[in-house]
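Trainee: Here's a structure for you.
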Amino acid sequence: MTPEGVQSFANAWNRIELRHDSRQIDLDGRRIFLSEGVIAHQSALWLSAADVASLIHPVLRPQDFADQARVVKRIWIDAGHGGKDRGTHNDPLALSEKHLTLDVALRLEKILTAQGFEVIQTRREDVYIELAERGELSRDSDLLVSIHFNAAGNPDAHGTETYVLTPAGQRSTGDHKQRTVDELAAEPGNQTDAWNAILGYQMHDALVGDLGTLDRGLKRARFVVLRLTTVPAVLIEAGFLSNDEEATRIASASRRGEIAESIANGIVAYANLVLSTQP
Ligand SMILES: [Zn+2]
């Protein structure tokens with residue numbers, strides 16, 4: 001451990017950097033949020049067993065979870081918001097999240113279909129669909145990707161966030177309270193915790209790597225769509241509409257094409273990883 005409280009571990013394939021008292025780690029150059037802070041004990045840093053089991057182990061050794069793997073043939077694309085639910089917006093630039101998510105979803109479908117995947121969309125037009133329905137319907141697929149754009153009170157905030165479902169009994173990112181008894185119960189989406197983590201990492205790596213955006217981290221939350229599906233699922237916050245510079249970029253069709261390409265790359269990387277674990 002350095003005086004700054006940083007400790008790194010590396011082998012020929014992977015490198016992990018831990019920081020004392022932090023819930024953020026660096027895994028192969030990507031930012032990952034843990035449920036528990038890293039602690040120092042006898043001049044070494046320690047991760048919680050829960051974070052190792054539900055996050056680090058699956059991401060580093062997917063082959064150990066081969067028996068729970070789901071080969072990707074049918075992909076559920078969930079364009080966030082719609083109809084009466086605009087999502088976030090940037091009014092000076094006349095941008096509504098619901099239109100941007102649908103545009104990216106339709107571009108993504110073209111790319112994935114051309115690669116031989118079957119695609120189902122939550123919506124193909126500007127309609128409102130309940131969150132619970134989105135999650136439940138997607139159970140008839142092999143992977144769910146939910147597409148969103150972000151907003152923050154601070155207009156400087158920008159970059160990419162990727163979310164997977166918080167495992168039972170663990171804390172969501174940004175949740176600093178003690179856990180409640182409610183959080184001990186497993187949600188339907190927790191059936192695939194290991195592959196959620198693997199999908200989340202592959203997706204986040206592709207997005208940040210391809211788009212060159214600020215890496216705001218692979219995070220965990222109990223979003224309804226993620227809770228109610230039963231297939232590996234990821235929710236993408238592909239950029240901030242509240243940041244004028246990022247929003248202006250997202251307003252261009254070519255940038256939305258790049259976002260769709262990078263999501264497809266994340267899915268393909270994950271699908272290939274699943275295949276590599278199969279006999
Ligand atoms: Zn949204």
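Trainee: Which residue, of Gly80, Gly135, Gly87, is closer than 23 Å to Arg227 by Cα and surrounded by fewer than 22 Cβ atoms within 10 Å (Cβ to Cβ)?
Mentor: Gly87
Trainee: Right, here's the next one. At least 3 residues that are closer than 27 Å to Leu207 by Cβ and not aromatic (Phe, Trp, Tyr) in each: list the strands (runs of 3 or more DSSP E) lying fully within region 1-67 that qualify.
Mentor: Answer list for region 1-67: 6-10, 15-19, 24-27, 30-33.
Trainee: Name the pairs whose Cβ atoms lie under 9 Å apart, with the first residue in region 1-20 and of a type in the set (Gly, Ala, Ser) and modelled with pLDDT under 90, the second surrounded by 10 or more Cβ atoms within 10 Å (Cβ to Cβ) and assigned to a loop (DSSP other than H, G, I, E, B), and 6 or more positions between them or separate chains?
Mentor: From residues that are of a type in the set (Gly, Ala, Ser) and modelled with pLDDT under 90, the pairs are Gly5/His20; Gly5/Asp21; Gly5/Ser22; Gly5/Val38.
Trainee: Might you check whether a residue that is buried (at least 19 other Cβ atoms within 10 Å of the Cβ) and over 25 Å from Asn190 (Cβ atoms) occurs anywhere in region 37-57?
Mentor: yes
Trainee: Could you check how many residues of region 96-131 are of a type in the set (A, V, I, L, M), within 16 Å of the ligand (Cβ to nearest atom) and surrounded by fewer than 17 Cβ atoms within 10 Å (Cβ to Cβ)?
Mentor: 2
Trainee: Restricting to region 199-221, what's the tally of residues that are surrounded by fewer than 19 Cβ atoms within 10 Å (Cβ to Cβ) and of a type outside the set (A, V, I, L, M)?
Mentor: Count: 3.
Trainee: In addition: I need every pair where a residue in region 135-151 that is over 12 Å from Arg74 (Cβ atoms) and polar (S, T, N, Q) has its Cβ under 8 Å from the Cβ of a residue that is within 8 Å of the ligand (Cβ to nearest atom) and assigned to a loop (DSSP other than H, G, I, E, B), sequence separation at least 6 or different chains.
Mentor: Cβ pairs passing all conditions: Ser146/Gly80; Asn150/Thr88.
Trainee: Could you please find all residues in region 167-192 being under 17 Å from Ser146 (Cβ atoms) and assigned to a helix (DSSP H, G or I)?
Mentor: Once the filter is applied, which keeps residues that are under 17 Å from Ser146 (Cβ atoms) and assigned to a helix (DSSP H, G or I), region 167-192 yields Pro188, Gly189, Asn190, Thr192.
The values are calculated or read from the model by the stated rules, or taken from the named source; none is laboratory data. Here the structure is a predicted model, which is why all the values come from computation and not from measurement. Methodologically, a virtual Cβ is constructed for each residue, glycine included, from the backbone with ideal geometry; neighbour enumeration extends over all protein chains shown.
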